[in-house]
Every structure is written in structure tokens, then in C-alpha cells.
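Read-outs: derived from the displayed coordinates by stated rules, not from any lab. Model, not experiment: these values are computed from the prediction. For neighbour counting, all protein chains shown are included, and Cβ atoms are generated from backbone atoms with ideal geometry for every residue, glycine included.
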Amino acid sequence: MIRRCLLLAAFTASASAPLSAQQMNLTGAGSTFAAPLYQAWASDYAKLHPGTQINYQSIGSGGGIRQVISGTVDFGGTDSPMTNEQLAEAQSKLGTDVLHFPVALGGVVPIHNIPGVSKDLNFSGNVLAGIYLGKITKWNDPEIAKANPGVSLPANDIIVCHRSDGSGTTFIWADFLSKANPEWKSRVGAAASINWPVGIGGKGNEGVAGFVRQTPNSIGYVELIYAVQNKMTYGQVQNSAGKFVKADLNSVTMAAAGAVKSMPDDFRVSITNAPGAGAYPIASFTWMLLPRNPKDKTKAAALKAFLTWGITEGQKNAQALTYAPLAKQVVDKELAALTYLHY
Amino acid sequence: MASTVTTPPPMMGVKDAPEKLSLMERLKKGDEVAYLVTFASALTIILITCLLVQHLWVESALSRHAFGWKFLKTSTWDPVSDQYGALPFVYGTVLTALLGLVMAVPVGFGAAIFLAELAPRRVSNVLTFMIELLAAVPSVIYGLLGIFVMLPLLREYVVPVLQKTLGFLPIFKGTFYGVSYFSASCVLAIMIVPFIVSISREVLLAVPQAQREAMMALGATKWDVTWKSVVPYAQRGMIGSIFLALARALGETMAVTMVIGNVPAISASLFAPGYTIAAVIANEFTEATGDLYVSALIELALVLFAVTMIINALARLMMLGMKSQEVAH
Amino acid sequence: MSKSYPPMHKKVINVFMLSLTGLAALLVVSVLLFILGYLVWHGARSLNWAFFTQLPVPAGEKGGGMANAIVGSGKLLLLASAIGIPIGLLGGIYLAEFGKGPFSLAVRYTADLLNGVPSIVIGIFVYTLIVLPQHHFSGFAGGVALGIMMIPIALRSTDEFLRAVPNTLREGGLALGASKAQTVVTIIIPAAMQGIVTGIMLNLARVAGETAPLLFTAFGNQFWSSGWNGPTASLPVVIFNYAISPYEDWHRQAWAGGFVLLAGIFVTNIIARVLVSGRHSPARG
């Protein structure tokens with residue numbers, strides 16, 4: 001019995017690959033939204049640079065930020081940029097600044113399930129804010145009808161669904177509503193978790209999507225990738241130029257292009273409600289977090305190479321996985337910033 | 001000189017009773033060692049729990065100082081303006097756990113009695129095996145099955161019937177969207193039933209046959225024998241299984257958050273959406289940044305611990321009040 | 001015995017109540033069969049040899065498997081059992097055989113409290129205890145978190161099943177001149193063995209499906225992990241990540257993973273039962 005246990009233990013220990021001298025193991029954590037992308041990149045990069053194992057796990061953007069600050073991971077992924085307080089904390093705990101590098105773009109789309117309405121509806125920012133504030137309560141509200149001429153909307157109560165778990169998706173959604181509607185900004189604000197005035201909380205994209213699918217007269221929001229991969233119908237949103245735009249890779253990339261002129265050097269920018277006629281208003285970067293002066297310089301060099309590859313070659317993966325690729329101007333700006341990292 | 005004390009004739013295999021065993025001999029017999037080792041293990045659990053509570057206390061300090069007792073009385077949960085209150089979560093936790101128990105305990109006891117007393121041994125073993133497997137189903141799969149299967153079932157068949165017959169009761173009022181306290185309690189009931197069935201069946205099987213035979217000799221029916229003779233003997237173990245089930249119900253996170261609706265509000269209706277402490281911690285901890293926010297979440301964990309302490313204490317007091325019918329142990 | 005005894009109403013109640021218990025058992029078993037069937041139905045397509053032998057591939061690529069998660073779960077559960085079962089078992093023996101009075105009450109009470117702590121809180125606790133000082137995630141931390149979760153159930157179930165053994169056996173052992181320890185080891189524990197194994201298997205099953213405590217301790221890994229000192233993949237975490245992802249193929253793999261997890265526990269249960277089936281329990285009714 002004991003021998004059997006020992007044999008089993010030896011087997012499991014040996015089943016794990018021993019580390020060779022050239023092995024480079026990097027750990028990353030954070031955004032669930034970006035996880036498939038980082039993992040696809042890790043796989044392709046490992047084929048080009050055998051021995052480099054990049055292990056990225058999705059524990060949430062906030063989790064990623066916390067782990068970067070605690071020094072338990074080599075890089076982080078986040079859908080919302082670190083605040084100044086968090087940067088200051090990183091400075092005191094890690095002894096170094098943390099840099100943000102956009103790696104891809106995503107969007108958030110409104111989904112709805114209205115019996116008798118098969119068309120994708122148009123929503124303005126004010127309408128969405130009104131619905132999620134609980135002020136617009138029926139589907140045939142004049143505000144909604146105004147944006148959707150010719151569609152016969154029923155006089156049913158709107159059943160609102162939002163995310164229960166803190167997420168970058170919520171942050172992007174709430175950030176857009178804050179920009180589009182002053183009352184939302186003052187009453188609710190924008191964060192990964194907020195105090196929703198109305199609505200049911202669904203866990204994860206599939207919680208919201210599942211609820212909306214099963215509940216007539218409901219509205220919710222999900223990641224663009226999720227909607228595309230699961231072939232869901234979703235509505236158009238009015239952008240700052242007044243046009244109703246449907247989210248797709250193109251319109252999301254245009255949102256980034258529109259924001260590039262005013263992009264700060266540290267890349268911490270929100271691109272919701274971006275200027276441009278074709279820009280989709282509920283879009284956002286997802287960032288990779290790198291400590292500026294990490295202790296382990298060889299790891300840092302490997303990360304820098306990985307990131308450089310990701311924002312150039314890796315953008316092909318992005319499109320295949322339904323992430324919107326970075327606009328060329330953004331990539332150029334990032335490459336320029338990377339040259340200042342001396343390792 | 002002749003001895004006035006007669007020594008008894010030597011008996012086979014019995015040593016002369018020693019006055020006192022030496023330390024080495026005591027150790028060899030094993031009792032001291034056994035006592036110490038097992039005592040140390042029992043102590044470990046107290047040490048771990050104290051360490052855990054101390055950790056929770058320290059990490060929640062920021063939030064405790066910011067809110068004080070108000071934390072337990074307010075219902076707002078606003079991470080943006082850093083206002084936190086625990087009341088709706090406590091309500092949801094206690095409600096779903098107790099309702100889950102109410103649904104699971106009768107079914108669990110019934111199944112255990114069937115498996116222990118009625119079913120042929122082989123059938124019973126196989127079925128119990130399978131029921132124990134229910135405990136291994138990951139929480140997230142319970143949640144997904146809850147969303148895909150249970151919620152539509154409840155919405156189509158169960159809730160309309162309940163509302164038609166008992167809809168006048170405040171606990172059954174209101175529109176049912178699928179996600180609700182009731183749905184969460186149903187999922188919890190399924191998750192905790194294996195513990196009740198498995199452990200209760202084992203203690204029922206351990207009841208000596210003499211107990212049954214005594215009553216059978218009096219001409220009692222099988223049910224009477226079971227209910228009046230076997231079950232009281234196994235009572236304490238069966239109630240012990242309820243404690244295990246209760247603990248799991250209080251701490252369950254993933255499955256609950258997928259079917260409860262995650263709305264931090266208190267409602268009299270079971271069909272309204274709600275929230276539990278474990279669910280909100282699971283939902284928001286990974287994304288929480290900001291020291292007060294994290295501290296508030298940890299304080300919620302501390303509150304849950306306190307709630308568990310109170311419920312367990314009440315249950316134990318209730319047990320003390322119950323007359324124990326078991327044969328003297 | 002005359003034909004009119006027991007009285008008719010008692011006979012009716014008898015049949016009624018016994019049928020109810022049968023229904024209850026049927027209800028519980030059918031739920032399990034449904035879950036199993038659902039997992040197989042939705043995950044069967046993903047169950048192939050590659051699933052058990054290959055590492056996961058990124059989303060969008062075909063194939064891949066959960067080999068590292070399966071082995072990782074095995075490693076974590078091994079460590080968890082090594083920590084949780086001995087402490088729980090020995091503690092349970094203390095409570096049932098040696099303990100009396102307020103200390104025993106405190107231990108039982110504390111075990112119930114620890115049992116009720118949400119698994120994510122235990123994960124956060126072990127994170128602060130082990131991961132932060134070490135500055136990296138590890139399978140060791142994951143195993144410790146799961147082990148802590150195993151202790152209360154192991155302790156309480158051992159306690160209950162040992163106490164269910166009639167005192168006559170203890171008295172018999174002592175009458176034969178055995179020490180208390182000898183009596184416990186050679187007579188009482190074997191008598192309660194079926195129950196103790198049940199408790200352990202239930203424990204293992206519950207802990208095998210836990211995701212939340214591993215998120216901040218064992219973390220996760222797309223690759224193989226060496227030893228217990230680095231991030232380790234585990235079945236529940238992978239199932240969780242796949243299930244909430246947007247990709248249909250990953251959803252199917254999640255169901256398949258759930259099925260494999262159940263199958264693993266099933267096999268472990270059978271092995272454990274076979275190993276202890278030789279012992280006879282004299283107290284059994």
C-alpha cells in the first residue's frame with residue numbers, strides 16, 4: 001500500500017517536464033477578456049522560441065493589477081487602466097513604475113430579446129443610460145421609438161440585465177454611459193463593479209446572454225467576441241458623430257484610430273465615445289502591464305521581445321479570434337515607447 | 001514464618017498486576033502517544049481556524065473602522081463611492097441555506113432510510129455510490145445546469161403551480177424571472193443532499209440488529225421499527241450530517257451566483273432575485289482594487305463567519321433540548 | 001399473530017411512508033443520472049485519446065486536451081489528502097475515543113465553522129500565508145488550501161462513525177487486556193471502516209470539484225508543472241475557464257472535463273472500497 005503510494009507520487013512528479021537550462025518561464029495574470037489572445041500568442045511564440053513558456057491565467061483585470069503590484073507575476077493584463085493610486089502603490093511595493101501597452105481592442109454590445117421584434121434596434125447613449133438607470137421602463141418609450149422608426153415596439157416592461165461579477169466589460173459599458181449621460185456619471189459612475197440602480201446580475205457573459213435569451217423583453221450587454229462567436233443578434237449604438245454604428249472589428253479599430261491623436265504617452269486612455277463617423281462608441285483597449293524596472297532583467301528582456309512580437313506579428317491571431325487589431329498609429333507609438341526600455 | 005495472605009493460584013496468561021507502569025512501558029502500550037497525537041490533531045483544527053479568523057480580522061480592519069456597526073444595518077453596496085453594507089447579503093445567505101436545508105433534509109433522510117433499511121444490499125451499495133458522485137460535480141457545472149435546465153423547469157412547471165395555488169402568500173408573490181432565492185435554494189438542496197444521504201445511511205446501517213429485532217418481536221410494521229427504533233438510535237449521526245450540509249450551503253459560491261440574480265436587495269418573495277455573501281465575494285474579489293473595497297469584502301467574510309457561529313450555536317442548543325433516545329453509549 | 005395485528009391504519013402508514021422513502025431515493029438518483037447523461041451528451045465529442053494526453057491548445061485551434069489539468073488535479077488532491085486526512089482522522093479519533101467536556105465541544109463546533117467558510121476565503125487566506133511570502137503561485141499552496149478544506153469533514157465524519165460503534169466492542173477489547181490505543185486500532189476503527197471511507201470519499205469528491213480556492217494558490221498553467229513549486233493546472237479551474245468562455249469548442253471540452261472529473265472520483269471510490277472490503281464489521285445490522 002505504502003509502496004503503491006510512493007510509486008504514484010514518483011510518477012506524478014516525473015510526469016512534469018524537468019526544467020532545462022534555457023527554459024524561460026513567464027507568468028501573467030489578469031483580464032479574462034484578453035486571455036484567449038495571450039494564450040494563443042504564448043502558443044505561437046513558443047513555436048518560434050522553443051523554451052519560452054508563457055503561462056497566462058485569467059483571474060480578472062483587478063486580480064491582474066493586484067498580482068503585478070504584489071510581484072507574484074511577471075506581467076499583467078487589464079481592460080481598464082491602473083489608477084494613479086494603484087500606480088503609486090506599485091511604486092512603493094515594487095519599487096518601480098508599471099507601464100501600460102495596448103495589445104488589442106474589444107467592444108461591448110447591447111443584446112435584446114423582444115417578442116415580435118426581429119430587427120436589431122438602434123440605441124443612443126442616453127437611451128441606454130435611461131434604461132439602466134430605471135428611468136426608461138417600457139420598450140415603446142418615445143426615446144427608443146425615435147431612434148427606431150418603423151419598428152413596432154410593444155408596451156412591455158424592460159427587464160434589465162447586467163454583469164454581477166466585476167469585469168472590464170462592465171467598466172467599458174459604464175464608462176461609455178458616464179460620457180454619454182451626465183446623470184449616470186453623477187449617480188453611478190464607472191468601475192469594474194458598480195451599484196446598479198436596476199436590473200438582475202448575471203455571472204459572466206454567458207450569465208447575461210443566457211438570461212436575455214430566456215427572458216422576453218430583456219436587455220443586456222456582452223463582449224463583442226462573445227456575441228460573434230455565439231452568433232447572437234445585437235443592436236447598434238449611436239456614436240459621438242450621431243451615427244448608429246454596429247460593432248465589428250472594423251468599427252472598433254476605427255474607434256482606436258480616432259483616439260490616437262489625443263493618446264497620452266503612457267497609453268492610459270479611454271476610447272469610449274471616440275470621435276469619427278465610423279467609430280464604434282463602446283470600445284476599449286486591453287493593456288499588458290509591465291514593470292518598468294523589474295529585478296529579473298533576463299525575464300524582462302524576454303517579455304519585451306514577446307510584447308514586440310505580439311503587437312506586430314501577433315495581430316494576425318487577434319483577428320482570427322475576433323479581437324480588433326491595433327491601428328497602425330498605435331503600434332508605431334508603442335514600438336517607439338519600447339525602445340526606451342533598456343533590457 | 002508462614003504467610004497469612006494467600007496468593008491466588010497463577011492464572012494462565014495473566015501477568016501479576018503491576019503497581020505502576022514505567023514511562024517506557026506506558027509509551028509502548030501506546031495510550032499516551034495515541035492521546036497526544038490525536039489531541040494534537042484536534043488542536044490543529046482550532047489553531048487553523050483561529051489563524052483564519054485573525055487573518056480576516058486584520059484584513060478587514062480598514063472597513064470595520066470606516067463603517068462600524070452600520071455595516072450590518074445598511075443595504076447599499078457601491079464600489080464606486082465606497083459605501084458598503086452587509087444586510088442584503090446576510091439575508092440572502094441565511095434564507096437560501098435554510099430553505100435549501102428544508103428541501104434537502106426530508107428527501108435526504110427518506111433516501112437514506114430507503115437505502116439502509118429497504119433496498120437489497122447490492123442495490124443500496126450501487127445507488128449510494130452514485131449518489132456520492134453528486135458531491136464531486138464541480139460547482140460551476142451545477143451553476144450551468146441550473147441556468148440551462150433548472151431555471152426553465154422552474155419557470156414552466158413549478159412556479160406557475162405554486163403561484164396559482166399559494167400565490168396569496170407574500171413569499172410567493174411577484175414576477176419570476178428564473179433567477180431568484182428559490183432557484184438558488186433548489187440548486188443548493190441538490191448539492192447538499194449527497195452528504196445527508198451518504199452519512200445518514202452509514203449511521204443507520206451501523207445500528208445493531210438487536211434494536212430492530214426488539215421492536216419486530218412486538219409486531220411492529222417495518223416503518224414503525226425504522227422510525228421508532230432505528231432512527232432514534234442513529235439520530236445524532238443523522239443530525240451531524242445536517243451540520244455538514246448546512247456548512248456547505250452557507251459557503252457555496254459559484255453555483256449560487258449563477259442562479260440567484262445577484263441583486264443586493266431584500267425581498268419578502270422567494271421568487272425575487274437576491275444575493276449571498278459567498279456569491280458577492282466570489283463575484284467581486286478578483287476585480288476589486290482599492291483597499292477599502294477589498295477590506296469590505298473581507299469584512300463580509302468575517303460577517304459570514306459570525307453568522308455561521310450563531311446558526312451553529314442555535315442548532316446545538318436545540319439539540320441539547322431534544323431528548324436523546326439512544327441506548328446508553 | 002392474528003390477522004388483524006398490526007392494525008390496518010398502521011399497515012397503510014407503513015406502505016405509504018416506505019414508498020415515500022423509495023421516491024426520495026429515486027429522486028436523488030435520477031438527478032445524478034441526469035447530470036451524468038448531460039455531461040456525456042454534451043462532452044462526448046471531445047473525449048478522445050488526445051483529451052487525456054495532450055496539453056490544451058489556444059482557442060480556435062482544433063484538438064488539444066486536458067492532460068496537464070488531469071495530472072495537476074491528481075497532484076493537488078494527493079497533497080490535500082496527505083494534509084487533510086491524517087489530521088482529520090486523528091482528530092476524529094480523539095473526539096470519539098479520548099475526548100470529553102468543553103474541549104471536545106469546542107473542536108466539533110470549530111470544525112463546523114471551518115466547514116462553512118467559503119472556499120474562496122480559504123484560497124485568499126492561503127494566498128496571504130504562502131503565495132505572497134514566496135512571491136509565486138504553487139501547487140503546494142493549492143494543495144494546502146484544499147487540505148484545510150478537507151480537515152473539518154474528515155474530522156466530523158470520523159467522529160460520527162466511530163461514535164456509532166457500540167461501546168460493547170470497546171469494553172470487550174479492554175476486558176481482553178488490550179490498551180485503549182490497541183482497542184481503537186484493531187477493533188473500533190475496522191468496525192467503523194466503511195463509514196470512515198465513505199466520509200473520506202465524500203470529502204475528496206467535494207474538494208476535487210472546487211475552483212475558487214485554487215485561483216489564487218495553484219493559479220493554473222497551460223503547460224506541465226514540475227513538482228509542487230510552480231503554478232499548476234487543475235480540472236475544475238480549466239472547466240470553469242472554458243465554460244465561461246465564448247468558444248463553443250471550449251464549452252464542449254468543459255463538459256467533457258466535468259465527466260472526466262466524475263469518472264476519476266468514481267474510480268478512486270471503487271478502489272478505496274475494494275481495498276477495505278476485506279474487513280468485516282461486527283456491528284453491522
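Among A:A192, A:A129, A:A241, the largest mean-square fluctuation in a Gaussian network model of chain A, built with springs joining Cα atoms closer than 10 Å, belongs to A:A241.
Can you sort B:E202, B:E132 by how many other beta carbons sit within 10 Å, fewest first? Result, fewest neighbours first: B:E132, B:E202. With both residues required to sit in the protein assembly as shown, DSSP beta bridges show an antiparallel share near 55%. Here A:I2 and C:L105 are evaluated by their C-beta separation; at R0 = 51 Å the FRET efficiency comes out at 0.90. Other protein chain C-beta atoms within 10 Å of residue C-beta, averaged over B:273-284: 5.
What FRET efficiency comes out for the pair C:E61/A:T312, r = Cβ-Cβ distance, R0 = 25 Å, nearest 0.05?
0.75
Taken about its Cα centre, chain C carries a charge dipole of about 920 debye when Lys and Arg each add +1 at the Cβ and Asp and Glu each add -1 at the Cβ. A:A300 sits among other residues whose Cβ lies under 11 Å from its own Cβ, and their net charge, with Lys and Arg +1 and Asp and Glu -1, is +3. Across chain A, Cα pairs under 8 Å and at least six residues apart give a relative contact order of 22 percent.
Projecting the Cα atoms of B:G240, B:I266, B:V225 onto the dipole axis of the range B:184-325, where Lys and Arg carry +1 and Asp and Glu carry -1 at the beta carbon, places B:V225 farthest toward the positive end. When you restrict to C-alpha pairs under 8 Å that are six or more residues apart and normalise by the size of chain C, the relative contact order lands at 25 percent.
In the range C:70-110, whose amide N lies under 13 Å from the spot 7 Å out along Cα-to-Cβ of C:A263? List them in ranges. Counting backbone N atoms under 13 Å from the label point, the list is C:70.
Against chain A, whose longest principal axis is taken from its Cα atoms, helix A:204-214 shows a tilt of about 30°. In the elastic network of chain C, a GNM with C-alpha springs shorter than 10 Å, the most mobile of C:S234, C:S30, C:S138 is C:S30. For chain B, averaging the sequence separation of C-alpha pairs within contact (under 8 Å, six or more residues apart) and dividing by the residue count gives a relative contact order of 26 percent.
The Cβ shell under 15 Å around C:F266 holds other residues with a net charge of +1, Lys and Arg each +1, Asp and Glu each -1.
Each peptide in C:60-67, B:165-172, C:146-153 gets a packing score, the mean of other Cβ atoms within 10 Å over its residues, and the list from highest to lowest is C:146-153, C:60-67, B:165-172.
Could you calculate the FRET efficiency of A:D265 with C:Y5 from 1/(1 + (r/R0)^6), where r is the beta carbon distance between them and R0 is 60 Å, rounded to 0.05?
0.05
Between A:Y343 and A:L153, the contour length at 0.36 nm per residue exceeds the Cα-Cα span by 62.4 nm.
To the nearest Å, what is the center-to-center distance of the range C:195-248 and the range B:263-302, using C-alpha atoms only? Between the Cα centres of the range C:195-248 and the range B:263-302 lies a distance of 24 Å.
For chain B, the longest principal axis of the C-alpha atoms and the axis of helix B:231-251 are separated by about 40°.
Within the range A:107-261, antiparallel bridges make up roughly 55 percent of the DSSP beta bridges whose residues both belong there. Choose one answer from B:V53, B:V105, B:V90: the residue with the largest mean-square fluctuation in a GNM of chain B with alpha-carbon springs under 10 Å. Among B:V53, B:V105, B:V90, the largest mean-square fluctuation in the Gaussian network model of chain B belongs to B:V53.
When the helices of the protein assembly as shown are scored as -39500 (n - 2.57) per DSSP H run of n ≥ 4 and the total is divided over every residue, the value at 222 nm lands at -18000 deg cm²/dmol. The residues C:L155, B:L47, when put in order of fewest to most other Cβ atoms within 10 Å, stand as B:L47, C:L155. Among the listed pairs A:K119/B:K173; A:K246/A:K328; A:K185/A:K246; A:K179/A:K261; A:K304/A:K328, those whose Cα-Cα separation exceeds 28 Å are A:K119/B:K173. Residues within the reach of a label modelled at A:R292 (point 7 angstrom out along Cα to beta-carbon, backbone nitrogen below 14 Å), restricted to the range A:91-113, are A:91-101. Dipole size of the range C:40-164 about its Cα centre, with +1 on Lys/Arg Cβ and -1 on Asp/Glu Cβ: approximately 120 debye, rounded to the nearest 20. A simple spin-label model places pseudo-atoms 7 Å from Cα toward Cβ; at A:K146 and B:M318 they are separated by 5.7 nm. One decimal place: the segment B:K70-B:I266 gains 68.9 nm when fully extended, by the rule 0.36 nm per residue minus the C-alpha distance.
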